[in-house]
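The next block holds one structure in the form of structure tokens; read it before the comments.
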Amino acid sequence: MQTRVAILTSGGDAPGMNAAIRAAARTGIARELEMFGVRHGYSGLIAGDFLRLGAREVGGIIDRGGTMLGTSRCPPFLTDEGQQTAVRQLAERAISGLIVIGGNGSQHGSLAMSERGVAVVGIASTIDNDLAGSEVTLGATTALDVALEAISRLRVTASAHGRVFLVEVMGRTCGYLALMAGIAGGAEAIVIPEAEQSPEEVATAIQEAYQRGKSHAIVVVAEGARHNADALARHFTEHAERLNFELRVTKLGHVQRGGSPGAFDRLSATLLGATAVERLCAGEHGILLGLAGTRVVTSTLREAVRAVKPLEPQWLHLAHVLSR
Ligand code: ADP
Ligand code: F6P
């Protein structure tokens with residue numbers, strides 16, 4: 001039975017992390033647990049940077065992007081020494097349960113802690129949506145909305161000038177955000193790591209769009225594609241005379257991470273945060289909580305971090321058909 005539980009957020013911040021912290025803290029308090037936050041992810045765990053979370057400490061954050069606890073990329077946690085220190089910091093405070101809200105790398109960390117005897121429950125949260133064990137991860141739908149808002153604005157100016165816009169979106173090595181933003185944003189071409197295209201293939205798609213009567217083109221490019229926005233722009237500039245289209249490049253970058261969580265992310269985060277505490281209380285750990293539709297689904301941390309999450313073939317097919 002857990003009596004003291006700590007919550008940490010790790011890796012890239014994602015809209016909805018705060019809502020999950022709030023729900024976990026208040027569910028724990030309702031169950032008369034002592035709830036703690038760890039500042040700055042695994043860095044704070046190693047440094048022993050804890051704070052007590054009461055109901056008021058987690059007030060006013062449900063609509064805020066980012067994470068009130070702070071987050072980090074923490075190379076020292078990859079070492080034996082770092083992980084031993086993290087385990088010791090929890091033991092010294094008699095904290096026996098840990099909730100880790102984060103993406104793929106962070107859940108590798110959860111697995112490492114779980115294998116060292118800590119009762120860990122992970123919550124799948126990253127804008128990249130690259131974590132098996134959750135159809136969609138916390139933060140991804142809000143990031144997608146931010147990208148769509150930007151694409152709509154870019155289409156206005158692209159159309160006014162008859163230009164081609166390369167819009168690069170985040171996602172690390174995963175093309176989910178680019179694929180979905182491309183489909184929902186009505187892109188003329190989508191470039192993702194899972195279905196690489198050469199710059200000439202992209203140029204052909206743009207030229208064919210113009211031949212079909214389009215006056216401008218939006219190409220959504222995943223940052224992780226081999227031919228990302230810089231590579232494509234280089235090629236198009238080198239062959240500008242032959243290709244004959246006017247090009248502009250916009251990299252959306254971190255702006256995609258900072259949005260206020262939308263309804264789906266707030267509600268999902270609330271459900272996942274509360275469920276994480278319930279599961280710890282029921283003696284379940286070594287697990288990752290994710291979503292299938294609006295339902296919470298559970299996988300072991302080992303399964304979740306080892307599996308590669310594929311993109312749904314139907315979306316890849318639709319992207320091709322609808323770009324016409
Ligand atoms: P995300 O969780 O968003 O994918 P990262 O990949 O940067 O972000 O991971 C966040 C942190 O998780 C890393 O800085 C590191 O401290 C920890 N981590 C990543 N991979 C591992 C691993 N294989 N084993 C243990 N900890 C890891
Ligand atoms: O994992 C989330 C993410 O935003 C990726 O899409 C991106 O590649 C990376 O984090 C950027 O990392 P940082 O914030 O450390 O620059």
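The values are calculated or read from the model by the stated rules, or taken from the named source; none is laboratory data. Bear in mind that the values here come from a model prediction, so they are computed numbers and not experimental data. In this analysis, Cβ positions are derived from the backbone assuming ideal geometry, glycine residues included, and neighbour counts consider all displayed protein chains. Areas reflect the complete protein model, heavy atoms only, side chains present, ligands, DNA and RNA absent. Shrake-Rupley method; radii C 1.70, N 1.55, O 1.52, S 1.80 Å.
Within the set of other residues whose C-beta is less than 15 Å from the C-beta of Gly44, count the net charge using Lys and Arg as +1 and Asp and Glu as -1. Don't skip to the end; give the middle numbers.
Numbers: positive: Arg39, Arg52, Arg73, Arg88, Arg93; negative: Asp13, Asp49, Glu92.
It works out to a net charge of +2.
Can you give me the long-range amide H partners of Gly12? Hydrogens built in the peptide plane at 1.01 Å from N, cutoff under 5 Å, separation of 5 or more residues or another chain.
Amide H to amide H, under 5 Å and 5 or more residues apart or across chains, Gly12 pairs with Gly103.
With the crude spin-label approximation of a point 7 Å out along Cα→Cβ, what separation in nm comes out for Glu284 versus His239?
Those two pseudo-labels are separated by 5.3 nm.
With each run of n ≥ 4 DSSP H residues scored as -39500 (n - 2.57), what mean residue ellipticity at 222 nm is computed for the chain after dividing by its residue count and rounding to the nearest 500 deg cm²/dmol? Before the final figure, lay out the partial values.
Working: 12 runs with 139 residues, N = 324.
Value at 222 nm, helices only: -13000 deg cm²/dmol.
Contour minus end-to-end for Gln207 and Glu32, with contour as 0.36 nm per residue of separation and end-to-end as the Cα-Cα distance?
On the way: separation 175, 0.36 × 175 = 63.00 nm, distance 6.39 nm.
Between Gln207 and Glu32, full extension yields an extra 56.6 nm.
Could you give the length gained on full extension between Glu57 and Glu149, defined as 0.36 nm per residue of separation minus the Cα-Cα distance, in nm?
Working: separation 92, 0.36 × 92 = 33.12 nm, distance 3.23 nm.
Stretched fully, the Glu57-Glu149 segment lengthens by 29.9 nm.
So how strong a dipole does the range 1-113 carry about its Cα centre when Lys and Arg Cβ are +1 and Asp and Glu Cβ are -1, to the nearest 20 debye? Show your work: numbers first, answer last.
Working: 11 positive and 9 negative charges, 55 e Å.
With Lys and Arg at +1 and Asp and Glu at -1, about 260 debye.
Suppose R0 equals 35 Å; then what is the FRET efficiency for Ser215 and Ser260 from their Cβ-Cβ distance, rounded to the nearest 0.05?
Details: r = 34 Å, r/R0 = 0.97.
E between Ser215 and Ser260, to the nearest 0.05, is 0.55.
If the only charges are +1 at each Lys and Arg Cβ and -1 at each Asp and Glu Cβ, what is the size of the charge dipole of the range 143-257 around the Cα centre, to the nearest 20 debye?
Working: 12 positive and 14 negative charges, 63 e Å.
With only Lys, Arg, Asp and Glu charged at Cβ, the dipole is about 300 debye.
Relative contact order of the chain: what whole-number percent is it, with Cα pairs under 8 angstrom and at least 6 residues apart?
Details: 749 pairs, mean separation 78.0, N = 324.
Here the relative contact order equals 24 percent.
With each pseudo-label sitting 7 Å past Cα toward Cβ, what's the Glu135-Arg116 distance in nm, one decimal?
That separation, rounded to one decimal, is 3.6 nm.
Under a crude label model (7 Å from the Cα following the beta-carbon direction), how far is Arg295 from Ala195 in nanometres?
Each label point lies 7 Å from its Cα, and together they span 2.9 nm.
Only four residue types carry charge here, +1 at the Cβ of Lys and Arg and -1 at the Cβ of Asp and Glu. Report the dipole size of the chain about the Cα centre in Debye, rounded to the nearest 20. Write out the running numbers ahead of the final one.
On the way: 31 positive and 32 negative charges, 136 e Å.
The dipole magnitude comes to about 660 debye.
Under a 1.4 Å probe, what is the accessible area of the chain per residue, stated in Å²?
So the chain comes to 42 Å² accessible per residue, rounded to a whole number.
List every residue whose amide H lies under 5 Å from the amide H of Arg163, counting only residues 5 or more places away in sequence or on a different chain, with H placed 1.01 Å from N in the peptide plane.
HN-HN under 5 Å from Arg163: Ala217.
Using a 1.4 Å probe on the protein chains only, how many percent of the accessible area of the range 143-257 belongs to carbon and sulfur? Numbers along the way, then the final one.
Working: 2510 of 5100 Å².
Accessible surface attributable to carbon and sulfur in the range 143-257 totals 49 percent.
Express in whole angstrom the spacing between the alpha-carbon centres of the range 143-169 and the range 235-308.
Cα centroid to Cα centroid, the span is 21 Å.
Put +1 on the Cβ of every Lys and Arg and -1 on every Asp and Glu Cβ in the range 202-303; which of Leu280, Ala222, Ala205 then has its Cα farthest towards the positive end of the dipole?
Value computed over the given set: Ala205.
What is the extension gain from Leu267 to Glu81, computed as 0.36 nm multiplied by their sequence separation minus the C-alpha to C-alpha distance, in nm to one decimal?
Values: separation 186, 0.36 × 186 = 66.96 nm, distance 3.76 nm.
Full-extension gain reported as 63.2 nm.
Just the accessible area for Leu148, please: 1.4 Å probe, Å², rounded to the nearest 10?
40 Å²
With a ≥ b ≥ c the root eigenvalues of the C-alpha gyration tensor of the range 143-257, is it rounded (a/c under 1.5), prolate (a/b larger than b/c) or oblate?
Values: a/c = 1.72, a/b = 1.26, b/c = 1.37.
It comes out oblate by the Cα gyration axes.
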